[in-house]
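The values are calculated or read from the model by the stated rules, or taken from the named source; none is laboratory data. Quantities reported herein were computed from a predicted structural model and do not represent experimental measurements. Here the Cβ is made from the backbone with ideal geometry for all residues, glycine too, and neighbour counts use every protein chain on show.
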Amino acid sequence: MAAPAVLLTGGAGYIGSHTAVALADAGYCPVLLDNFCNADRRVVGRLHELLGSDGFAWHDGDAREARTLCALLRRYRIAAVIHFAALKAVGESVAQPLRYFENNGNCLVALLQALAAEGGGSPAPLVYSSSATVYGDPDRVPIPESAPLRPTNPYAWTKVLGEQLVLAQRAAQTAWRAVILRYFNPVGAHPSGRIGEDPQGIPNNLMPFVQQVAVGRRAHLTVFGSDWPTPDGTGVRDYLHVMDLAEGHVRAVDYLRAGGVSDIVNLGTGRGHSVLQLLGAFGSVCGRELAYRIGPRRAGDIAVCYADPSRARSVLGWEARRDLRQMCEDAWRWQRSNPNGYSDA
Ligand code: NAD
Ligand code: UDP
């Protein structure tokens, strides 16, 4: 019997490419759709190496086009969809809000239109990529899914509105089901070192910046504030191995295919690590102290953010298995063997 096909919009991106590998490992056939606006085409060659040419399919196309999505849903008899396609840089979203609302909004609208048009009585279920950014500055940690939503930038608003759209469509189309996943801070890489995170330009996020310091592409890390109300004064986040996150998506697809009802679920470890803890862990993995300077706080930052992951356990049977050291080891293997990311492919 042919492997059930799962459509991954934005499937050539960081989380999508790792989820493609986890899905293939679990017996699914991932079908990737990406317009490569934030991904390197060479990731496809790397997936060929890992999965073989029969292990997945890919299409260069725009997820804002319902026609393209309809054709893929039909051609591959798609059993479930994971919707990753979005622009995700917070600072860029502040400078270019129209671009963010247009892209992130229209991708989701087109997908929901295509699912409704092609699904007949039972449209394929959806896993929607949301983010802990929807919580803004939380009243308390760990953060449960019931915490108030307080988006503080246009990117976060696109995620809140995306969630609202998914919930509204679920209410309108009662036979359809969706799981909204709110990710905390994905880091690391596939243990093969063949795929990983490859941001364009100067990295916005901590881990890829630290990786580039370790490999000599940047002289030092600037730590954004050492006066936060945390044990060492630096910001605390819930870093989560990208392969744990990828496996969380597999669990969500399994759950929906088994008839599970719609839900909203945090994916995080439930543990927080500070900037200096992450830097120290990475230094011990790569065998040298990594240079840093203390700088001012970054506008819009918060002190502490980590998940209450208990719902992921009870609903999806998922919990993160990999620790901070493994996140650093796998990130380092990827960066060391690809100092310039996919440009080295
Ligand atoms: P990414 O940028 O690596 O992947 C997103 C992919 O979507 C890219 O390959 C991009 O080319 C593609 N894309 C964007 N617009 C498209 C369009 N119109 N048509 C087709 N493809 C399009 O980002 P990622 O880190 O893999 O994130 C995946 C999803 O998870 C996003 O929705 C993001 O908002 C969400 N998320 C990411 C993080 C994180 O820290 N990485 C945290 C929480 C949520
Ligand atoms: N951070 C930092 N220097 C950097 C990038 C990030 O000190 O160059 C800090 C940031 O202030 C936060 C943590 O690292 O406390 C994680 O930041 P990231 O942007 O990766 O995730 P987010 O803040 O969006 O959760």
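A few notes on this one:
- Residue in segment 146-160 that is within 23 Å of Tyr14 (Cα to Cα) and polar (S, T, N, Q) present: yes
Okay, residues lined up against (1) hydrophobic (A, V, I, L, M, F, W, C); (2) in contact with a strand residue (DSSP E or B) (Cβ under 8 Å, 6 or more places away or on another chain); (3) within 16 Å of ligand 1 (Cβ to nearest atom); (4) within 14 Å of Gly235 (Cβ to Cβ):
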{"site": "Asp254", "(1), (2), (3), (4)": "no, no, no, no"}
{"site": "Gly260", "(1), (2), (3), (4)": "no, yes, no, no"}
{"site": "Asn266", "(1), (2), (3), (4)": "no, yes, yes, no"}
{"site": "Leu276", "(1), (2), (3), (4)": "yes, yes, no, yes"}
{"site": "Leu279", "(1), (2), (3), (4)": "yes, yes, no, yes"}
{"site": "Pro296", "(1), (2), (3), (4)": "no, yes, no, yes"}
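- Of residues in segment 204-250 being assigned to a loop (DSSP other than H, G, I, E, B) and of a type in the set (Asp, Glu), the one farthest from ligand 1 (Cβ to nearest atom): Asp227
- Single condition Val134 does not satisfy, out of (1) touching a Cys at 6+ places or on another chain (Cβ under 6 Å); (2) closer than 15 Å to Leu167 by Cβ: (1)
- In segment 211-229, the residues that are in contact with a helix residue (DSSP H, G or I) (Cβ under 9 Å, 6 or more places away or on another chain), more than 8 Å from ligand 2 (Cβ to nearest atom) and not charged (D, E, K, R): Gln211, Gln212, Val213, Ala214, Val215, Ala219, His220, Ser226
- Of all residues in segment 1-56 being within 21 Å of Gly188 (Cβ to Cβ) and basic (Lys, Arg), the one that is surrounded by the fewest Cβ atoms within 10 Å (Cβ to Cβ): Arg42
- Identity of the residue in segment 132-188, small (Gly, Ala, Ser) and crowded, with 18+ Cβ neighbours inside 10 Å, that ends up nearest to ligand 1 (Cβ to nearest atom): Ala132
- Within segment 224-271, the set of residues being β-branched (Val, Ile, Thr) and either crowded, with 22+ Cβ neighbours inside 10 Å or at pLDDT below 95 (or both) comprises Thr234, Val236, Val242, Val250, Val253, Val265, Thr269.
- Taken residue by residue, segment 107-114 has at least one member that is more than 20 Å from Pro151 (Cα to Cα), more than 18 Å from the chain's Cα centre (by Cα), crowded, with 24+ Cβ neighbours inside 10 Å and of a type in the set (Gly, Ala, Ser).
- Residue pairs meeting the criteria (Cβ under 7 Å; at least 6 apart or on separate chains; first within 21 Å of His220 (Cβ to Cβ), in segment 191-207; second among the polar types (S, T, N, Q) and surrounded by fewer than 18 Cβ atoms within 10 Å (Cβ to Cβ)): none
- Hits in segment 178-204 - residues which are farther than 20 Å from Arg313 by Cβ, among the β-branched types (Val, Ile, Thr) and away from ligand 2 (no atom under 16 Å from the Cβ): Ile195
- When residues of segment 49-63 are limited to those that are part of a loop (DSSP other than H, G, I, E, B) and among the acidic types (Asp, Glu), the one farthest from ligand 2 (Cβ to nearest atom): Asp54
- Scope segment 268-287; condition within 14 Å of ligand 2 (Cβ to nearest atom) and within 21 Å of Ser131 (Cβ to Cβ); matching residues: Gly268, Thr269, Gly272, His273, Ser274, Val275, Leu278
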